[in-house]
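J.: Take a look at this one; I'll ask things after.
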Amino acid sequence: MELTGAQIVIECLKEQGVDTVFGYPGGAILNVYDELYKHQEIRHILTSHEQGASHAADGYARSTGKVGVCFATSGPGATNLVTGIATAYMDSVPIVAITCNVNVPLLGKDSFQEIDIAGITTPITKHNFIVKDVTKLADTIRRAFRIAQKGRPGPVLVDIPKDITAAKTEYEFCKAEPIARVTDTIREEDLAMIKAAEKPYIFVGGGAVISGASAELKEFVHKVDAPVCDSLMGKGAFDGTNDLYTGMLGMHGTKTSNLGVSECDLLIAVGVRFSDRVLGNAKKFAKQAKILQFDVDAAEINKNIRVDAAVIGDLKEILKRINAELPQLGHEAWIAHILDYKVKYPLTYQEPGLTGPYLVEEIYRQTDGDAIIVTEVGQHQMWAAQYYKYKNPRTFLSSGGLGTMGYGLGAAIGAQVANPGKQVINIAGDGCFRMNMNEIATAVRQKLPLIEVIVNNHVLGMVRQWQDLFYEKR
């Protein structure tokens, strides 16, 4: 059947199973919005600002594992998505951003509200497209969704000139195909490293959440019989209430995890990228250990730290195959040593009265650890990571790689829309809250029952901490 480009956009979203779009209209994208109006099966959430739409799509994706979708118009509408796209890129979140531009003949002529959004977002997307031929529109959108989900997920942008949304061409329905899980062959040497270790430690990152590998990870941990630490992005992949869990690793981590990793003889890195916040001085990191890394992205191997062996592929598939080959191991003395560290160096705070850690612990008690916790960025973010015990994946949503102040409220909106039966709580500092506080209007308009907690200390807490320590309190 013959459809306009705008109709094709909506039909392709339906092919992909999209039920929600976050966005903000404008002149260039009105043809698409007019078609969206005619298809009430796709819910549209009108945000207060395009940045809020991109963060909401991100929160939707992180909390569900599905692709989040956001819309924006040309020029400033498109550029307002940039911070949200970059946030998703740094944390490997699958979103598809659809923007519209000026008519094809006006491109490159500094036309009103024209911007080269494809050029701007090239460094912060897995891929992006500008569609100048309506006959290629459907396949481009389908390809965008595949790229966003395949391998290491990430954001993809599709820019469509307004005249392409009005042009007509033949459209034929195409069912979305599932993304195949792949892995390279696991070598016997990799299994031998695990079997030979006397003091193994397992370091879990966001890849374990993204791949849905929690069940396989739990089996792997108990087969290896090793303590577990995680990164900020790895929260909930392994049950935070399990005795083998020792907390985060790195500059915001626990003393137990940092001492344990410095003493282990094998560090098994599961879906981590070894960020600077974890490594500190890379030359001194885990000096006594061999490092075995599992990751879907070959570019992460030996990028920030040299490893002794690596398995490239989907983490769920890697762990499934290794679990089938690995015998039950035992490291009772090593486990006892690490558990002794947990008793000796607990994560505590000494300040009497109302403090950030106390607040987070009280939220944990009130929710029985069963909420989706979203954060902004700063001290409150670290308290939320340290003092709330995450039992399940996709229950901690936070901007890790980019550290985006203003991320949380939009992401909480996306998570609440995607999970109407769950309690969603955004923990914010007053500085972050003021970045995108306008999205409160979105939450109220949509009657979303999310809770916004503001830690109002009247400063940028983490910035002040650095100024106190390094700038003589200036």
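J.: Cα centroid distance between region 193-227 and region 386-400, in Å?
T.: 18 Å
J.: List the residues, sorted by chain then number, that are 5 or more residues from residue 245 or on another chain and whose placed amide H is less than 5 Å from its amide H.
T.: 228
J.: Over region 335-474, what number does the Rg to Rh ratio reach, with both radii from the alpha-carbon atoms and Rh per Kirkwood?
T.: Numbers: Rg = 16.3 Å, Rh = 16.2 Å.
Reported Rg/Rh, Kirkwood definition of Rh: 1.01.
J.: Roughly what angle does helix 50-64 make with the longest principal axis of the chain, taking Cα atoms, 0 to 90 degrees, to the nearest 10?
T.: That works out to roughly 50 degrees.
J.: Normalised by the residues of the chain, what does the relative contact order come to in percent, with Cα pairs under 8 Å and at least six apart? It would help to have the intermediate numbers written out before the result.
T.: Values: 1030 pairs, mean separation 74.2, N = 474.
The normalised contact order for the chain reaches 16 percent.
J.: Using the Karplus curve 6.51 cos²θ - 1.76 cosθ + 1.60 with θ = phi - 60°, work out ³J(HN,Hα) for each residue of region 409-422 in order, rounded to whole Hz, and write x for Gly and Pro.
T.: The phi angles translate into 5, x, 5, 5, 4, x, 5, 5, 4, 6, 10, x, x, 9 Hz.
J.: For helix 461-470, what angle does its Cα long axis make with the longest principal axis of the chain, in degrees from 0 to 90 and rounded to 10?
T.: 50 degrees
J.: Looking only at Cα atoms, what is the convex hull volume of the chain per residue, in Å³?
T.: Details: hull volume 73.4 nm³, N = 474.
Convex hull of Cα atoms, per residue: 155 Å³.
J.: Let me ask another. At 1.4 Å probe radius, can you tell me the per residue accessible area of the chain in Å²?
T.: Details: 20570 Å² over 474 residues.
That works out to 43 Å² for each residue.
J.: Between residue 438 and residue 40, what length comes free when the chain is fully extended (0.36 nm per residue of separation minus the Cα-Cα distance, one decimal in nm)?
T.: Working: separation 398, 0.36 × 398 = 143.28 nm, distance 2.57 nm.
Answer, rounded to one decimal: 140.7 nm.
J.: Also, I was wondering about something else. Under the Karplus relation 6.51 cos²θ - 1.76 cosθ + 1.60, θ = phi - 60°, what is the ordered set of whole-Hz ³J(HN,Hα) values for region 138-153, x standing for Gly and Pro?
T.: Ordered by residue, 3J(HN,Hα) equals 4, 5, 5, 5, 4, 5, 4, 5, 5, 5, 4, 9, 6, x, 7, x Hz.
J.: Is region 1-98 best put as rounded, prolate or oblate by its Cα gyration tensor, with a ≥ b ≥ c the root eigenvalues, rounded for a/c under 1.5, and otherwise prolate when a/b is larger than b/c, oblate when not? Write out the running numbers ahead of the final one.
T.: Numbers: a/c = 1.94, a/b = 1.32, b/c = 1.48.
Because a/c hits 1.5 or more and a/b fails to exceed b/c, region 1-98 counts as oblate.
J.: For region 135-276, what's the relative contact order in percent, using C-alpha pairs closer than 8 Å and at least 6 residues apart?
T.: Numbers: 161 pairs, mean separation 33.3, N = 142.
Answer for region 135-276 is 23 percent.
J.: Something else about it: For region 277-417, what's the relative contact order in percent, using C-alpha pairs closer than 8 Å and at least 6 residues apart? Walk me through the intermediate numbers first.
T.: Numbers: 109 pairs, mean separation 21.1, N = 141.
Dividing the mean separation by the residue count of region 277-417 yields 15 percent.
J.: Between rounded, prolate and oblate, where does region 196-346 land on the alpha carbon gyration tensor, with a ≥ b ≥ c its root eigenvalues, rounded for a/c under 1.5, else prolate if a/b exceeds b/c?
T.: Details: a/c = 1.37, a/b = 1.10, b/c = 1.24.
The shape class here is rounded.
J.: Let me ask something else. Can you list the HN-Hα couplings for region 337-342, worked out from phi with the Karplus curve (6.51, -1.76, 1.60; θ = phi - 60°), rounded to whole Hz and with x for Gly and Pro?
T.: 4, 5, 5, 5, 4, 4
J.: Which percent of the accessible heavy-atom area of region 228-384 goes to carbon and sulfur, probe 1.4 angstrom?
T.: Values: 3480 of 6980 Å².
Its accessible area is 50 percent carbon and sulfur atoms.
J.: Next question. Need the full-extension length gain, residue 284 to residue 297, defined as separation in residues times 0.36 nm minus the C-alpha distance. One decimal, nm.
T.: Values: separation 13, 0.36 × 13 = 4.68 nm, distance 2.45 nm.
The span from residue 284 to residue 297 would gain 2.2 nm if fully extended.
J.: Moving to a separate point now. When you count, for each residue, the other Cβ atoms within 10 Å and take the mean per peptide, how do 78-86, 322-330, 134-142 rank with the highest first? Display every interim value, and only then the final one.
T.: Details: 78-86: 24.2, 322-330: 12.9, 134-142: 18.7.
Packing order, densest peptide first, comes out as 78-86, 134-142, 322-330.
J.: 5 Å is the cut-off here: which amide hydrogens, built 1.01 Å from N in the peptide plane, fall below it relative to residue 183, excluding neighbours closer than 5 in sequence?
T.: HN-HN under 5 Å from residue 183: 314.
J.: Pop out the carbon and sulfur fraction of the accessible area of region 85-155 as a percent, whole number, probe 1.4 Å.
T.: Numbers: 1700 of 3160 Å².
That share works out to 54 percent.
J.: Indicate the gyration tensor shape class of region 63-211 (rounded, prolate or oblate), computed on the Cα atoms with a ≥ b ≥ c the square roots of the eigenvalues: a/c under 1.5 is rounded; otherwise a/b larger than b/c is prolate and the rest oblate. Could the numbers behind the result be given before it?
T.: Details: a/c = 3.38, a/b = 2.11, b/c = 1.60.
Prolate.
J.: In addition: By how many degrees, between 0 and 90 and to the nearest 10, does the Cα long axis of helix 214-224 differ from the longest principal axis of the chain?
T.: 20 degrees
J.: Could you check how much of the accessible area of region 30-81 is carbon and sulfur, as a whole percent, using a 1.4 Å probe?
T.: Values: 850 of 1650 Å².
Carbon plus sulfur share of accessible area: 51 percent.
J.: Using packing as a proxy for protection, rank 340-353, 15-28 so that the peptide with the highest average count of other Cβ atoms within 10 Å comes first. Show your work: numbers first, answer last.
T.: Working: 340-353: 11.2, 15-28: 20.6.
Highest-to-lowest ranking by the protection proxy: 15-28, 340-353.
J.: What order, most packed first, do the peptides 146-156, 417-427 have when packing is the mean number of other Cβ atoms within 10 Å of each residue?
T.: With the highest mean Cβ count within 10 Å placed first, the list reads 146-156, 417-427.
J.: Before rounding to the nearest 500, sum -39500 (n - 2.57) across all DSSP H runs of length at least 4 in the chain and divide by the residue total; then give [θ] at 222 nm in deg cm²/dmol. Don't skip to the end; give the middle numbers.
T.: Values: 21 runs with 188 residues, N = 474.
Mean residue ellipticity at 222 nm (helix-derived): -11000 deg cm²/dmol.
J.: If amide H atoms are built 1.01 Å from N in the plane of the peptide, which residues on other chains or at least 5 residues away come under 5 Å of the amide H of residue 291?
T.: When sequence neighbours closer than 5 places are left aside, the close amide H contacts are 267, 308, 309.
J.: Quick one: of the DSSP bridges fully inside the chain, what percent are antiparallel, nearest 5?
T.: 5 percent
The values are calculated or read from the model by the stated rules, or taken from the named source; none is laboratory data. No experiment lies behind these values; they were computed from the predicted model shown. With ideal geometry, Cβ positions are generated from the backbone for all residues, glycine too; neighbour counts draw on all protein chains shown. All accessible areas refer to the heavy atoms of the entire protein, side chains included, with ligands and DNA or RNA removed. Shrake-Rupley method; radii C 1.70, N 1.55, O 1.52, S 1.80 Å.
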